[in-house]
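Please treat every number below as a calculation from the coordinates, not as lab data. Bear in mind the structure is a predicted one, so any value in this text is a computation, not a measurement. Here the Cβ is made from the backbone with ideal geometry for all residues, glycine too, and neighbour counts use every protein chain on show.
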Amino acid sequence: MAKAFFIDTSRCIACRGCQVACKEWHGLPAVQTRQRGTHQNPPDLNPFTYKLVRFAEGKTGAKVEWLFFPDQCHHCLEPPCRGAADSFVPDAVIVDQKTGAVLYTEKTGALTAAQCKEIQEACPYDIPRRNEQSGLLTKCDMCIDRLRADLAPMCVKTCPTGAMNFGERDQMLAMAHQRLEAVKSSHPKAQLVDADNVSVIYLVTNPGLALQRPLKQAVESYSRRELLGNLTAPFRRIAG
Amino acid sequence: MTNHWIDIKNADVVLIMGSNAAEHHPISFKWVLKAKDAGATVIHIDPKFSRTSARSDMHVPLRSGTDIPLLGGMVRHILEKGEFNREYVAQYTNASFIVGDGYDFKNGLFSGYDPAAKKYDQKKWGFALDEKGVPKRDPTLKHPRCVFQLLKKHYSRYTPEKVSSITGVSKQDLLKVYEIYGATGAPGKAGTMMYALGWTQHTVGVQNIRLAAIVQLLLGNMGAAGGGINALRGEPNVQGSTDHCILWNTLPGYLPVPTSDKATVEEYIKANTPETHDPKSVNWWSNKPKYMVSLLKAWMGEAATSENDYGFGWLPKADPGVDYSAIFLLDRMYKGRIKGGFILGHNPAQSMPNSNKVRKALEKLDWLAVAEIHNSETTDFWRRPGVDPKKIQTEVFLLPSCQRGEKDGSITNSGRWLMWHNKGIEPMGQSRSMGWMAVEIFKRVRALYAKESGAFPEQILKMDWPEVYDADGVARKINGSYTRDITVKGKQYKKGEQVESFLYLRDDGSTASLNWLYAGSYGPAGNLAKRRGLAQTSMQARIGLFPNFSWAWPVNRRILYNRASVDPNGKPFNSAKPVIAWENGKWVGDIPDGPAPPMALPGGKYPFIMQTQGMGQIFGPGRVDGPLPEHYEPAETPVKSHPFSAQLNNPCLKAAISDMDVLAKPGDPRFPFVLTTYGVTEQWCGGVDTRNTPLLLEAEPQLYVEMSPQLARLRGIGNGDPVVVESARGRVEAIAMVTVRITPFKVLGKSVHLVGMPFCFGWTTPGAGDATNRLTATVCDPNVSIPEYKACLVNVRKAEKVSELFV
Amino acid sequence: MDISRRGFMKLTGAGAACLGLAELGFDLAPVRAVAADLKIEGAKEVVSICHFCSCGCNIIMSIKDGRMVAAGGDPDFPVSEGALCAKGAAFQSMHYSDRRLQKPLHRAPGSDRWEEKEWDFVLDRIARKVKDTRDKDFMVKNGKGQQVNRVESIFELGASQLDNEECALTHQMLMGLGVVHMDHQARV
């Protein structure tokens, strides 16, 4: 049985324990950043940042909303990135059958920059990043080394509030649906993101605001594009 | 914290005010959210909408410096609606005490004020005593001079209209908060208050906490699971360092510092040991002589004898009425009266208010020894931007300190849990622990005095001082031991044996303990700070007490004042979440506040054992600026008047006075905005440790100033623009963070803008920005001299060019 | 030290039942590690405590050959149940930051630089400075003729970063020197 994450953004306090713990466990270096009028730093995922807490804020009437989204690879059940990669270099992207982890191997180094770009574009969540120096494609590896030693992924272990959860897929799905029901009373727009298609199931309270990426820096004005349409588009493209 | 971290989950209402718990104590939110899951309402009252607000049921923006109006209005609401816990208030607090004729309150001033000295004659506020010397009481709470009636009268002035007009909080929000929190006055309900520097760092800091405690006493929330006054302490071991009292005014275990007007230990004890004539009051501080003599024995060992007053005469004495605290210490340094000294893991050139002055003050030193892990704005003050090192004659020693994982020792967390940490790796390079440094430095000073003699060598040479630093050995000494063979309560003890608890400490020199509060942590059973047991009784498990994990002061009590959680017969007010209960002639649950039976039974005692009269102090005649909290504006305020009285600022406010200590006038048009300062999750305090940790600097790289879109428009500032923030004292560059999380306040009919800045960035981290505290003022609370970091006046403008920030 | 695995995830069927990726012939270089060389495998576990806010989160350091190879929240600590925030999560790299001070430094009056010195040099010199200052400024009596036994021109600031044991000794030393100008972060 495959594993899954359940990421309950309604419990996230954006302490960024997950973001730092991930870098610490993987030995990833810091990059130089700037304050740009937001707490979100690094500004985006990069070859040295597999996990990033995104911040989005807005105001509806007098009510302020500040949403936190611990972003990472969603570990798709049928990963479009693998589909794209397979046509260029077999086994550059693999799926660990036991856990469902989508893993990028050293063979990604054989991909050209243009091929990497295509793989990136295939990703519905804009996750893969190419390390221009090594030529490798990078992203969250689900802490596969820890999983194989019966240890939870570092981000899950580190989370103080229960925003990050990990376990058997059916267990996580049950938890996700249960939490969705509970959260809906205070956040009627709450929903699970692509739960049927991914191993990393997000619960978001305000999809229009939470899932925009990259983060809009402007305040008070948000484009109201329906995010789910965007999210499912790549799937349709692959299917078609 | 009167309670502890896990206990937050037991609350029915969590009021977070003066704290941004999710950002500064993220782990606390594990328990806040557990409370919320169980149905609790979480309210966050704070000037800005933060990560804490995002996870709360309700965020109420409040103008910085107006906590007393908001809470005063809550007291009024509670008394008017009769929501208070009558049995608790009448029996467990001093609400029934009759106040003497000397007390009065008029025009914002209490009786006994001396305007020239800016001080009160506190004797005016004493209670009316009966012939035995016990305060007179009216348990019906109807006597016009009883505390309850005076309280009611005092806060009747805090109407929702007035409170709203000065705080900037809508009347609707006020009433909602009052109703939700007031409901915890119902028997079996509990509300917790989580606060931090947002309450303390004001010129009315102590009275902010006092008023919170009054609310908690009225609602019967003190002593209960899910209740209490919970100070979320800041620094890594600030609880322990406070208990060990690295403070000019207290000795370890909160014993008062000796003063020059008390020449002998007998005079000291007589002046500082409270007396009660009420047999039902435990008056725990009556044990002070035992703790003081045991401390002197621990310090001076064999040299301290009953003949020589246990060496009391060798100790330094402070002069009464002189304030030696940080603000005044630095002021004297600036004025050239201090020549050298030690700074241990502290960055005052960055974190003390008016840091331009602090930096100048350091230049006046002849020598300075700093123990640090990294270079800081303090260690390198002599090469800061804009100064010529050649002109600075201070000799500076920088002692490399090791990190936590490189040494053994204990710390005390905010919930008073004493916990041991173990050395895992060798110190990096030649870095050493600060304990090692203290031992080595004092050893060498002692050797010099032994060889050369000098000024009053006894003071130095009589100290019982270790040859090497051994954390375990010191921990044993903190607990305390017998200094000779002795029989106590029919049991024989050998010299050198560890005492079991502070109940065994004595005032005859037969025991030695470096800190009575910690006696019991390392008794005959060993070092309890190392305990990792998770076992609990089902009663303890229900409230998450974990009595076998580590050890909590005092005597492993996990919830202070827990005798107030039961009725006078020992029956828990909240049967679902009992803390203690009197069952079959004994207490079960937590360690009770003293073993005496419940109050109504023979031999029973009052619950608040640390108070002389055994009662929770609604009326507090011990505070220098009044027995009841009253609203006064911050020293720098955007308003020229407030609706409660003509007394604009705290009449007892303390301030350092020098050419560099300039204040803006009330409503000063040059500095129209309120600045409040704070930390940020990924950096810590002055920021030296975290700025030098690349992964944390990556997440929060540069100084910013948060402001509302309205203010940004007013000043033509865009999000991410570099700006200049100026006060009457200094100028700081920062990046504008324009955010809907900050809203202008409507105050006395006008719009008041507030900006907020973290204080963690300094010039030793290139391009990150420099000390925000160059803007803040050296004005203090008169009780404890804590500076007012949370409110001062500034102007903000777009920067033409910047030199402190990489942009 | 005996530390239970309470709170650690149990994954059903993990281990032998499935073929590992390495066995499938994949080199997981970008993935950095597989179970076979899990970096904390066989490490000694030592409990420390996060040195930031006063939650006091217990931390397990994994030590191999005298080096901390990883650090993580202690699942047995009832307050955090193994969690950490960003600061606690950086425990390991904080210990190995190349920006740490590793040698005693001395800055001579009027100098524009630090000079590395041996411990003996700085400790002896500090002791001499303390003695000279104290001998010169020591007050036996105040203006009223009362015994005060203090030196006002030596100060101490800070201690909340210190362990309890270090605080206790620091306080004792300051009493022994006659220092009254002592204060720390508890007041700010």
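Calculate the spin-label point distance for B:Glu267 paired with C:Glu115, positioning each point 7 Å from the Cα along the beta-carbon direction, and give it in nanometres.
Those two pseudo-labels are separated by 4.9 nm.
How far is it, in nm, from the label point at B:Glu307 to the one at B:Asp57 when both lie 7 Å from their Cα along the line to the Cβ?
Using points 7 Å along Cα→Cβ, the separation is 6.9 nm.
For a label point 7 Å from the Cα of B:Val807 along Cα→C-beta, name the residues of region B:683-724 whose backbone N is under 19 Å from it.
Residues passing the 19 Å test: B:701-709, B:711-724.
Over all directions, how big on average is the projection of the convex hull of the alpha-carbon atoms in region C:42-100, in square nanometres?
Answer in nm², one decimal: 4.2.
Quick check: from the Cα gyration tensor, does region B:326-460 come out rounded (a/c under 1.5), prolate or oblate?
Judged from the Cα gyration tensor, region B:326-460 comes out oblate (a/c at least 1.5, b/c at or above a/b).
For the protein assembly as shown, give me the percentage of DSSP beta bridges that are antiparallel, rounded to the nearest 5 percent.
Antiparallel bridges make up about 65 percent of those DSSP assigns within the protein assembly as shown.
Apply the Karplus curve 6.51 cos²θ - 1.76 cosθ + 1.60, θ = phi - 60°, to the phi angles in region B:388-401 and return the couplings in whole Hz, x for Gly and Pro.
9, x, 4, 8, 10, 9, 6, 8, 10, 10, 10, 9, x, 9
Provide B:Ser708, B:Ser156, B:Ser351, B:Ser165 in ascending order of the number of other Cβ atoms located within 10 Å of each residue's Cβ, fewest first.
Ordered by Cβ neighbours within 10 Å, fewest first: B:Ser156, B:Ser165, B:Ser708, B:Ser351.
Using a 10 Å cut-off around each Cβ, can you sort B:Glu583, B:Glu395, B:Glu636 from fewest to most neighbouring Cβ atoms?
So the ranking, lowest neighbour count to highest, is B:Glu583, B:Glu395, B:Glu636.
Amide H to amide H under 5 Å from B:Thr250: which residues, 5+ apart in sequence or cross-chain, H placed 1.01 Å off N in plane?
Hits under the 5 Å cutoff: B:Val257.
Can you tell me how region B:228-301 classifies by the Cα gyration tensor, rounded, prolate or oblate, using a/c under 1.5 as the rounded cut?
oblate
Give me a comma-separated list of calculated 3J(HN,Hα) values for region B:611-626, in order, Karplus coefficients 6.51, -1.76, 1.60 applied at θ = phi - 60°, integers in Hz, x for any Gly or Pro.
8, 3, 8, x, 10, x, 8, 5, 9, x, x, x, 8, 5, 10, x
Would you work out if region B:654-798 is rounded, prolate or oblate? Take a ≥ b ≥ c from the square roots of the eigenvalues of the alpha-carbon gyration tensor; rounded if a/c is under 1.5, else prolate when a/b is larger than b/c, oblate otherwise.
Taking the square roots of the gyration eigenvalues as a ≥ b ≥ c, region B:654-798 is oblate.
Extent of the protein assembly as shown along each principal axis, from alpha carbon coordinates, in Å, largest to smallest?
Projected onto its principal axes, the Cα set of the protein assembly as shown covers 96, 71, 69 Å.
I'd like the trypsin sites (Lys or Arg not before Pro) in region C:137-179 restricted to DSSP loop residues with at most 13 other Cβ atoms within 10 Å, sorted by number.
Sites meeting the loop and neighbour criteria: C:Lys144.
Viscosity 0.890 mPa s, temperature 25 °C: what is the translational diffusion coefficient of region C:105-187 from Stokes-Einstein with a Kirkwood Rh over Cα pairs, rounded to a whole number of µm²/s?
Value of D from the Cα-based Kirkwood radius: 165 µm²/s.
Please work out, to two decimal places, the log10 of the ratio I(q)/I(0) at q = 0.08, 0.10 Å⁻¹ from a Debye calculation in which every Cα of chain B carries one identical scatterer.
After summing over all Cα pairs, the log10 values are -0.71, -1.17.
Using 7 Å Cα-to-Cβ label points, what is the A:Glu132/B:Lys153 separation (nm, one decimal)?
Each label point is offset 7 Å from its Cα along the Cβ direction, giving 7.6 nm.
No partner Cβ under 4.7 angstrom, meaning no disulfide-compatible partner by this rule: which Cys of chain A qualify?
Taking the Cβ cut-off of 4.7 Å, the unpaired cysteines of chain A are A:Cys12, A:Cys22, A:Cys76, A:Cys81, A:Cys116, A:Cys123, A:Cys143, A:Cys159.
Do the sum for chain B: with -39,500 (n - 2.57) for every DSSP H run of n ≥ 4, divided by all residues, what is the mean residue ellipticity at 222 nm, to the nearest 500 deg cm²/dmol?
When only DSSP H runs of four or more count, the value is -6500 deg cm²/dmol.
By counting other Cβ atoms within 10 Å of each Cβ, how are B:Arg670, C:Arg134 ranked from fewest to most?
Fewest-to-most ranking of B:Arg670, C:Arg134: B:Arg670, C:Arg134.
Of all chymotrypsin sites (Phe, Trp or Tyr not before Pro) in region B:480-565, which ones are in loop regions per DSSP and have a Cβ with at most 10 other Cβ atoms within 10 Å?
none
Return an integer: the convex hull volume of the alpha-carbon atoms of region B:196-345, in Å³ per residue.
192 Å³
Provide the descending list of Cα extents for chain A along its principal axes, expressed in whole angstroms.
For chain A, the Cα extents along the three principal axes come out at 53, 40, 39 Å.
So for chain B, averaging the separation of alpha carbon pairs under 8 Å that are six or more residues apart and normalising by length, what relative contact order in percent results?
The normalised contact order for chain B reaches 16 percent.
What would the Debye formula give as log10 I(q)/I(0) at q = 0.16, 0.19 Å⁻¹ for the alpha-carbon point model of region B:27-141, no solvent?
The calculated log intensity ratios at q = 0.16, 0.19 Å⁻¹ are -1.01, -1.11.
Multiplying the sequence separation of B:Arg670 and B:Glu426 by 0.36 nm and subtracting their Cα-Cα distance, what value in nm do you get?
Stretched fully, the B:Arg670-B:Glu426 segment lengthens by 82.4 nm.
What ³J(HN,Hα) values, in whole Hz, does the Karplus curve 6.51 cos²θ - 1.76 cosθ + 1.60 give for region B:187-195 when θ = phi - 60°, with x put for Gly and Pro?
x, x, 10, 9, x, 10, 10, 10, 9
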